[in-house]
Every structure is written in structure tokens, then in C-alpha cells.
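Worksheet: one structure, shown below.
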Amino acid sequence: MNAHVYEQITERISTLLAQGAVPWQKPWEARTGLPRNLVTKKSYRGINVFLLLAMSYESPFWLTFRQALQLGGSVRNGEKSCPVIFWKQMTIDDRESGEPQKIPLLRYYHVFNVVQCDGLKIDSEPVEQTVNGIIKPDEIVAHMPQRPEIKHGMSRAFYSPREDCVGLPVRERFERAEGYYATLFHELVHATGHESRLNRATLTEKSGFGSNPYCKEELIAEMGAAFLCGQADIAERTIDNSAAYLRGWLEQLRNDKTLIVQAAAQAQKAADFILGIVPDESVASATVKITPPSQLVEACA
């Protein structure tokens, strides 16, 4: 079942990329908050955020077919659902030791936006307001736990794991403040992978440009920056949206069906770290185990 879910999610993202759309370049509006379930009011996380945003509905509220029925309504005929995934921890006994062991089980549901439904009976109209509140970009940076050193006046933007520092051109070299912060967020997400923070294998294991760990780490930084831009209510592209770039992502996704789901989960974890958030494990999301590091890479752009 897991393989089928990965393929389904990867196909959706690949289709968007083939059309020239990069779903993680469209942060949610902080005024309406993250996409969330109408019944539980819990926000979706990880790859689910980008899957639901890509459906382009104005309302952030979603629910399952069964939830619509429970609210006295129905999903209109012909409406298309969107899959959402999460990991559920299951406890089993180890065959050798007999000790209880937790293993992750990938689950998924199909959800519909409230505008795809008729006759929903709710106590009041859902209020489309922010859940976590808008945080100023400067405050996100200032309050990051274990923040690395940030050096300005560099010729390019980068993160150096060896020195544990972020380098950036001076702010005035950016055409817009949004571009400056989006770039800074990208590099700070890289920094969360340092062995002293989240100890992320895609950063700490030595790999060259074009390798799978490198591509996954860049996806993590891109999507993590999108989470932070959404939280700060800014939207700014941080990658070159060229045909060659998109073809590169498509090739990577074809070679690794788990790539996009795992990268989004790591990106969510990185954004949570920067924001100082302890996530609710019951929220629909995907999380993955962090592999121990081996060697530090020189720098990530």
C-alpha cells in the first residue's frame, strides 16, 4: 500500500511540475492559515499543505466524504478529491527480543474542499482566519533556537556546515525585502540539518551536486522556506523556475518515488525547529526517521 501512495502523490506533483507549476513556491496566506480539516480544525502538514494548495480553492477547510455525510451534507457529483497522508505509529513485538517496538504505518484519506459540498450543517460559518498568527520575518530569524552566525557582504547566499554560518549579500542588493527573507529562510533551513540541531543526513553526509541526497536537501530547503514565507505572509520565489530546472526535478522524482514525501516531511520538521514549534503528532502529516551523519559537506546554496 505504501508504494501505491507514494506513486500517487509523486504523480500529482510531477504533473504540476510538467505544467510549469512549482507547488512549494505558493505559500498559503497567513490571513487564512494553513489548509485544515473542517471538523477537527487541525492544520495539515508536510506534503499535504502543497497538495491542497495546488487545488487552488479559496477556502482552507477540507473534510472527508464521510465527514460531509456526518454533517448532513454531501459531496457534489463529479467533484475530484485530493489525497492527504500521515504516519501512524503502530506497536509490535520484536521477533527476536520480544520487546515492543514502534513502526510507522503510512495511511491516507481523500478529502474535499467545503466549496465542493452542499448542505453542510454546522453551528456557524467557518471563520477563515489565521491559526498561528502572522510572524514578522525579523522575528522568525531573531527567535530561531541555536541560530547560526549570519554574515552579510558575501558575493552569494550559502550555508557552510563546517563553519556553521549563513552567508548573504547585503540586504540592499536584493530588489525586494521578500526576496532577502526568502533567501535567508532557505539557508536557515539548510542550517537546521547541522549535527548540533536536527542532524539531517541529506546535509551531513558528503554528496556532490546532482546526487540524490543533494537534490533532496535542496527540496527540503525550498519547501521549508515556503513554510516560513507563509508564516510571515510573504511570497517570493527562491529558485530559477526554468524548463531545465523543472526537468531536473522530474527526473529525480521518477527515480525515487519517496523523494517528495520525505523531503516535505523534513522541511516541515525544519520549519518547526526554526519557529520553536512542538508539533501535535496526531495532525495529518508525514514524518521520517533521521539517519545519523557521516561527513560534513562544504556548503549548500
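Along the axis of the charge dipole computed for segment 1-152 (Cβ charges of +1 for Lys and Arg, -1 for Asp and Glu, origin at the Cα centre), the listed residues His4, Gly98, Pro35 are led at the positive end by Pro35.
Based on every Cα atom in segment 137-275, Rg and the maximum pairwise Cα distance Dmax equal 14.4, 41 Å.
When only alpha carbons of segment 1-129 are considered, Rg and Dmax amount to 17.2, 54 Å. Restriction of the trypsin sites (Lys or Arg not before Pro) in segment 138-235 to DSSP coil positions whose beta-carbon has at most 10 other beta-carbons within 10 angstrom yields Arg156, Arg162, Arg176. Counting only Cβ charges, +1 for Lys and Arg and -1 for Asp and Glu, the dipole size of segment 57-129 around its Cα centre is about 240 debye.
Taking the Cα centre of segment 137-275 as the origin and placing charges on Cβ (Lys, Arg +1; Asp, Glu -1), which of Gln252, Ala182, Gln268 is farthest toward the positive end of the dipole? Positive-end residue among those listed: Gln252.
We did not get these values from a lab; they are worked out from the coordinates using the rules stated. From a predicted model like this one, the values you see are computed outputs, not experimental measurements. With ideal geometry, Cβ positions are generated from the backbone for all residues, glycine too; neighbour counts draw on all protein chains shown.
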